[in-house]
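Novice: Shown below is the structure under consideration.
Rule-based calculations on the coordinates, nothing more; no lab input. Owing to the predicted nature of the structure, the values given are computational and were not obtained by experimental measurement. No Cβ is skipped: glycine too gets one built from the backbone with ideal geometry, and neighbour counts run over all protein chains shown.
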Amino acid sequence: MSARRRHATDGRFASVDRLTKLAVVLWVGGALVAQARLLDSWPALLPLTLGVAVVAAVSAWFDRRTVALILALAYLAPALIGTLHGLVFAPFIVVWMAALYGAMLPDALSRAWQLPTPWRGPLVYAAFACIIGAAVVIWREADGVVALVTDLEAMHWRGGDPPQFAATWTLHVALILVIGILWFDWLFGADVDVERSVVTPLLISAFVMTVTAAWQLFVNMRFANPTSFAVPGRTTGTMYDANVLGLLSALWIGGAVVWADRLGGWRVYAAPMMVLAGWIAVWGSGSKSALAAASILTLTVPLTMGWRVLRGRGVVLAGPLAAGIVAAVLLFGAMSTRPGNPAARAWRDFVASGSPAHVAGELGNRNGFGSAASSLVQRFPVAGIGVGRFYSFVTAFPRTDGRGRLPPDNAQNWWRQQLAEFGLVGAAGFLVFSAAFAWFVLRPRPQRTRGAAV
């Protein structure tokens, strides 16, 4: 190919990059406004959403590091919003989403996609699958009558979710996915110190979340926990969801150690506090998946950091790991009789319940959610049931324990849920990206240390 033709081709690709990025950015802005408008049980939500987006955009235009203030509220936002409004409903998180969107907006409008080339195509494809899928679902659920989406009388709709609720939940799920892609893109292009401006505020937010969970566990289970999880004694921290709390806390057990290793100084001594608080939150959440994740991290991070012992820092970094292991042992011994104890729940569901074949089947099926998702994939293999609709469709399937039908929940597996909701055509972007990212993490590199390989 000649230099002139190659230049023309590069120019066309650059134009496509700019146009697709602009389309996604503008859709997110419109979807945030529409979501705030649909949530009319909070009359001030629309001006509040617009206000935080504008303030965040202006602040980021002067200094990108102001995103740290938004990230410091990341894990606290559900409880803060619930306290402010008095009603617990996941889509109200649109306020915090608008703030993050505003912080990304100056760069998002002025730059094409910053994603690495191998991931750009699949993720942009995935973003448009969400955008188009959300429009189709909202149109379908309102039977083509858009006025029904904003009509309160339609809340008495029979034969499925009311159009307003269906639109609200669809936008909620689609916004999570698309804003996540924009955030990933922003991180690659923004000239910020990721450890200090992104990781540190997130870690602070996670620490407050886990300390709140500890207060719920040891002092008052109902504190900032007006949810059904409080009944069986499961803490939610500031997330209003015990499973989300548990998994986030588990991941930050490892994240705190990596953070301390990267930045050093006083953080080396602060990390054990996060590890201990993380284990307390994992235990209090009662989440079996979180317990498994926390255990894996607590066992594998020492292997990674062990290679650094001869250089001295590994000796100090062993502190957080030892704290996590000690915390797990003490909590297991002290609270083994709690109804929300994740170890007891795991033993009851997976060990004492039957043979290894039964355990493997239950891990895959998860009380019927797996078979429900597989059935939906088989029935709608090409285009799926629509973004965000698994939560409603799954209620038509019976529980494997015979206790009625399944409650609204996810497919207990992210890829399985994407296939059920998007079908093979819509989920292709997410699936290709997952494979490409896995190869990036696992492929051999001569320059990579043995610790990184672990």
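Novice: Add +1 for every Lys or Arg and -1 for every Asp or Glu among the other residues with Cβ under 9 Å from the Cβ of residue 287, and state the total.
Specialist: Spelling it out: positives minus negatives among the neighbours equals +3.
Novice: With the Cα gyration tensor of region 1-147 giving a ≥ b ≥ c as the square roots of its eigenvalues, does the rule (a/c under 1.5 for rounded; else a/b larger than b/c for prolate; else oblate) give rounded, prolate or oblate?
Specialist: It comes out oblate by the Cα gyration axes.
Novice: While we're on this one: Positive end of the charge dipole of region 17-106 (Lys, Arg +1 and Asp, Glu -1 on Cβ, about the Cα centre): tell me which of 73, 20, 86 has its Cα farthest that way.
Specialist: Toward the positive end, the furthest listed residue is 20.
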